[in-house]
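> Here it is, the structure, as structure tokens.
The values are calculated or read from the model by the stated rules, or taken from the named source; none is laboratory data. Note that the structure is predicted; figures quoted are calculated from it, not measured. We place every Cβ from the backbone using ideal geometry, glycine too, and count neighbours over all the protein chains shown. With ligands, DNA and RNA removed, areas are computed over all heavy atoms of the protein, side chains included. Shrake-Rupley method; radii C 1.70, N 1.55, O 1.52, S 1.80 Å.
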Amino acid sequence: MGRSRRKAPGSDAEFSFVSPVVKYLLFIFNFLFWIISLVMVAIGVYARVIKHAETALACLSVDPAIMLMVVGVLMFVITFFGCVGSLRENICLLQIFCVSLTVIFILQLAAGILGFIFSDKARQKVTEIINDAIVHYRDDIDLQNLIDFGQKEFSCCGAVTYTDWTQNMYFNCSKDNPSRERCSVPFSCCIKNKDEVINTMCGQDVQNLEYQLAGNHIYTNGCIDKLVNWIHSNLFLLGGIALGLAIPQLVGMLLCQILINQIKDQIELQNYNVRHRSDPWS
């Protein structure tokens with residue numbers, strides 16, 4: 001008689017609706033992103049405190065170090081709820097985790113839609129950020145390397161045109177500028193053949209040249225137009241990246257909701273067993 005009762009899920013004390021696969025898969029999922037969040041916070045602290053990059057990188061409108069720390073701490077808290085909630089089978093923590101992921105997903109979706117609708121304003125904002133970065137070009141080696149990499153990669157110079165570099169105090173074209181780099185541009189603007197040795201002085205005095213003559217030595221087109229063209233040419237790639245970022249969030253929400261439903265079913269089973277424990281027909 002006892003064996004027949006143990007076969008019935010509703011009366012079996014050892015039966016559980018909670019799947020260990022879902023439970024520990026959700027835990028591993030959160031634990032991986034928990035480690036990533038710690039790495040992000042560590043990098044942000046290094047850039048902000050040890051490297052003292054706040055002054056040089058202030059031109060980027062939002063300090064990357066602060067942004068890394070904020071995102072890292074946010075991920076740490078959310079994934080902590082997910083880890084503890086899955087291990088402890090705590091519905092409250094799991095619901096906080098699921099709601100947080102849902103809100104973040106909606107905000108990302110809204111940001112993408114708004115960026116597409118207000119593309120002109122986004123373009124203007126990016127132009128301002130690049131111009132501010134040009135002003136602080138010599139203030140930090142990492143910022144300098146980032147700008148040089150962008151100009152080489154996109155074969156461009158400046159934000160809108162190569163004369164944007166006159167905004168930098170070293171490349172400024174005013175007559176009272178004592179810098180040796182007066183009216184020049186960084187070497188990353190220079191047109192270079194594959195087998196040609198890099199000449200760091202190739203951009204000397206090019207701001208004094210006419211547009212067509214300058215085009216014989218450097219890239220005269222700004223990086224904004226090049227960036228926009230690259231985005232238009234790589235929409236599928238960018239869409240794939242966006243999808244790759246969205247999939248982990250959707251998977252996390254799905255696993256979390258499945259586990260919540262399983263825990264609720266398990267609670268109902270336990271309540272049912274308590275109510276019918278004295279019932280000989282159960």
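> Rounded to the nearest 10 degrees, what's the angle between the helix 20-45 long axis and the longest principal axis of the chain, both from Cα atoms, 0 to 90?
Tilt relative to the chain: about 30 degrees.
> Using the Karplus equation 6.51 cos²θ - 1.76 cosθ + 1.60 (θ = phi - 60°), what ³J(HN,Hα) coupling, rounded to whole Hz, does each residue of region 260-267 give in order, writing x for Gly and Pro?
Per-residue couplings from phi come out as 4, 5, 5, 5, 4, 4, 5, 5 Hz.
> Any chance you could count the Lys pairs in the chain whose alpha carbons are under 20 Å apart, treating pairs 8 or more apart or on different chains as valid?
Lysine pairs, 8 or more places apart or on different chains, close enough: 7.
> In whole Å and largest first, what semi-axes does the C-alpha gyration tensor of the chain yield when each eigenvalue is scaled by 5 and square-rooted?
60, 18, 15
> Follow-up question, since we're still on this one. Packing-wise, with mean Cβ within 10 Å as the measure, how do 150-160, 227-237, 168-178, 16-26 rank, highest first?
Answer by packing, highest mean first, reads 150-160, 16-26, 168-178, 227-237.
> Give the carbon-plus-sulfur fraction of the accessible surface of the chain in %, rounded to a whole number; probe 1.4 Å, heavy atoms of protein chains only.
65 percent
> Right, something else. Report the charge-dipole magnitude of region 56-205 in Debye, nearest 20, computed about the Cα centre from +1 at each Lys and Arg Cβ and -1 at each Asp and Glu Cβ.
Here region 56-205 has a charge dipole of around 220 debye.
> Amide H neighbours of Asn221 under 5 Å, at least 5 residues apart or on other chains, H built in the peptide plane: list them.
For Asn221, the qualifying residues are Cys157.
> Can you run phi through the Karplus equation (6.51, -1.76, 1.60; θ = phi - 60°) for region 268-276 and list ³J(HN,Hα) in whole Hz, with x for Gly and Pro?
4, 5, 5, 5, 4, 5, 5, 5, 10
> Using per-residue counts of other Cβ atoms within 10 Å, averaged over each peptide, order 85-98, 119-132 from highest down.
Order by mean packing, descending: 85-98, 119-132.
> If you roll a 1.4 Å probe over the heavy atoms of the protein chains, what accessible area per residue do you get for the chain, in Å²?
Heavy-atom accessible area per residue stands at 63 Å².
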